[in-house]
1. Sorted from fewest to most neighbouring beta carbons within 10 Å, what does the list VAL5, VAL272 look like?
2. Shape verdict for the chain, please, from the Cα gyration tensor: rounded (a/c under 1.5), prolate (a/b greater than b/c) or oblate.
3. If you average the sequence gap of Cα pairs under 8 Å that are 6 or more apart and divide by the length of the range 1-159, what percent do you get for the contact order?
4. At a 10 angstrom cut-off on C-beta neighbours, averaged per residue, how do the peptides 35-45, 188-198 rank from highest to lowest?
5. Taking the alpha-carbon centroid of each part, what is the distance from the range 295-335 to the range 197-211 in angstrom?
6. On a full-extension model of 0.36 nm per residue, what is the gain between ARG77 and VAL2, subtracting their alpha-carbon distance, rounded to one decimal in nm?
7. Helix 103-119 against the longest principal axis of the chain: what's the angle in degrees, Cα atoms only, rounded to the nearest 10?
8. By how many degrees, 0 to 90 and rounded to 10, does the Cα axis of helix 227-239 deviate from the longest principal axis of the chain?
Amino acid sequence: MVILVSAFSLIALVHELDSVGKGTYRTSDAALYVLLTLPGWMVELSPAMALLGALVGLGELAGGEELIAMQALGISRARIAWSVLKTGLVVMLAVMGLQEFVAPKLDQLALELRSQAISGMESTSGRRGFWSRNGQSVVHVRRLIHGRIPSEIEIYQFDDKGGLRFVAWAREAVIQDSKQWVLHDVRQQIITENKTLTEHFARLAWDSPFTPDQITKIMLPVEMLSPSELYGYIQYLQRAGLAAERPELTLWQSISMPLSTLAMVILAIPYVLGPIRQVSAGKRMLYGGLIGTSFHAGRQLTIQLGSLVHLPAPLVTLTPVAVMLGIAIWLYRRL
């Protein structure tokens, strides 16, 4: 973990140095950004870490003949495999915990601090909400549910003298596109010199004052949402009748990551007990690197092809895991 995360973090830091000098973004800010994204890298690299760790750990036992001594004392290969698998389950649970509670929050904080330093102003991508003014109109979105759903919206319209002429409140909004929002559970008041007219609407179309670039900055990338947030966001899109292919794919990628980690541990067991039992530690690392790289490339290729032909997200993301488990079971049965 230390070796892989350090290597990829160094690459990320070199990439971030290109942004140093924009606004108040300094080298220390770039280092802090990379530091905050470390848990995300740990999740992304967890399958490779699990595979290499299992190969090295079991390989040391195999190289010192400890595995042979265990089997000579009557400990079956299945019992050895179960001992390793229990550790793999712990690693899988740790990855799930990082995915849900740690990595998304730190990634979002890193993005907010980076945006604030580069733009020189407070970021609008946080969950505290934001204000926007366009001519005589002022919009206040109090919070963003799941980092992407505008909620508790207030709209104010003033006249040329600064007098309030119109105000509306909405529970939440469905973003049809950058210019068209559909407000839900709306209460609006039209204020005149003589009286105030109050109206209620279940839904109300509204021409948003935000540009596409502003919308992008306001909403968190779906990759930075936790699995529970992604699930809630998908439910929201489905209720609104909007396309949810990308969030669904991202959710199933998150689900498949802990399973991939466990699959890699399972794959390492028959390799160490069988074909690479007597090879050096360097060769085990080489074999592990080749297997991990092949799995990652195959996984990315499957996801891209599945997206092009619009295959179901579970099928696309879980197929590489199923293939790895099938290979592991086949190798184990050959022993």
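1. With the sparsest Cβ surroundings first, the list reads VAL5, VAL272.
2. Judged from the Cα gyration tensor, the chain comes out prolate (a/c at least 1.5, a/b above b/c).
3. It rounds to 22 percent for the range 1-159.
4. 35-45, 188-198
5. About 46 Å separates the Cα centre of the range 295-335 from the one of the range 197-211.
6. Full-extension gain reported as 24.0 nm.
7. Computed tilt is about 50 degrees.
8. Approximately 50 degrees, to the nearest ten.
Just so you know, all these numbers are worked out from the coordinates, no wet-lab data involved. Note that this is a predicted model, so its numbers are computed, not measured. Don't worry about glycine lacking a Cβ; one is built from the backbone with ideal geometry, like all the others, and counts go over all protein chains shown.
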